[in-house]
Amino acid sequence: MAGGRIAAVKTSLQIMLRSLPSHNTKFNIISFGSHHNSLWPGSQEYSEETVAEASRHIDTFAANYGGTELRAALGFVFKSRLAVNDLSSSESPPTSILILTDGEAWDLQGVVELVTENVETAKTEGKLLRTFVLGIGNQVSMAMCEGIARAGKGTAVFVPVCIFPLIPSGYLTSECRRREKSPMRNS
């Protein structure tokens, strides 16, 4: 991820961060490449303080994570989700995983299987789990993004870096909210 693409990712994350619902929302930021790490050990309540800390964290992003090895990062996200949600509660809010990538497909079949397995497990527990993908740049793997979104009952959106500033603010998060309310909720 270089120059314009990392700038586009940083801008996207800043917009998405501020577009999340402010009530009953927990979030975390997991950076990934040839390794992954998270801003916090677990998701945090959405508040003025956590948004400010996340925003400062996003500002430090650089294109220094190597390849697009998404499977381990998603495994971490799914395990974190289990720790956050009280699985005995039928009132837990839906979980949306927002993935921003400019990468190529690495272990696409394994990633799609991991997403499918976790979405199906959530469904059997009466929970809603969806994955949404924002593919940035001209080299992003459309097959990877579409495969993850399809397996996660979400949406993939693609944005070339050159038109990035023209995308409406909050588009992907509004699409997530729309999809959470869709009749396909239990499909």
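The values are calculated or read from the model by the stated rules, or taken from the named source; none is laboratory data. Computed from a predicted model, the values in this text were never measured in an experiment. Every residue, glycine as well, gets a Cβ built from its backbone with ideal geometry; the counts of neighbours run over all protein chains shown.
Tabulated values for the structure
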item	result
Of all residues making up the range 19-28, the number that are without any contact (Cβ under 8 Å) to a residue 40 or more places away in the chain and more than 13 Å from the chain's Cα centre (by Cα)	2
Single match in A105, A72 (criterion: aliphatic (A, V, I, L, M) and modelled with pLDDT under 75)	A105
Enumeration of residues in the range 55-67 that are touching a residue at least 40 places away in the same chain (Cβ under 8 Å) and assigned to a helix (DSSP H, G or I)	S55, I58, D59
Selected residue [farther than 26 Å from A63 by Cβ, small (G, A, S) and without any contact (Cβ under 8 Å) to a residue 40 or more places away in the chain] from G135, G126	G126
Considering residues of the range 29-45 that are buried (at least 18 other Cβ atoms within 10 Å of the Cβ) and more than 25 Å from E104 (Cβ to Cβ) only, the residue nearest to the chain's Cα centre (by Cα)	S43
Test: residue in the range 2-19 that is part of a loop (DSSP other than H, G, I, E, B), at pLDDT below 90 and surrounded by 15 or more Cβ atoms within 10 Å (Cβ to Cβ)	no
Matching entry among T60, T101 (being exposed (fewer than 15 other Cβ atoms within 10 Å of the Cβ) and among the β-branched types (V, I, T))	T60
Of residues in the range 143-173 being β-branched (V, I, T) and assigned to a helix (DSSP H, G or I), the one modelled with the lowest pLDDT	T173
Residue in the range 31-49 that is over 19 Å from F78 (Cα atoms) and outside any loop (DSSP other than H, G, I, E, B) present	yes
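Yes or no, residue by residue, for (1) of a type outside the set (D, E, K, R); (2) within 11 Å of F32 (Cβ to Cβ); (3) at pLDDT below 70:
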{"position": "A62", "(1), (2), (3)": "yes, no, no"}
{"position": "V77", "(1), (2), (3)": "yes, yes, no"}
{"position": "L87", "(1), (2), (3)": "yes, no, yes"}
{"position": "I97", "(1), (2), (3)": "yes, no, no"}
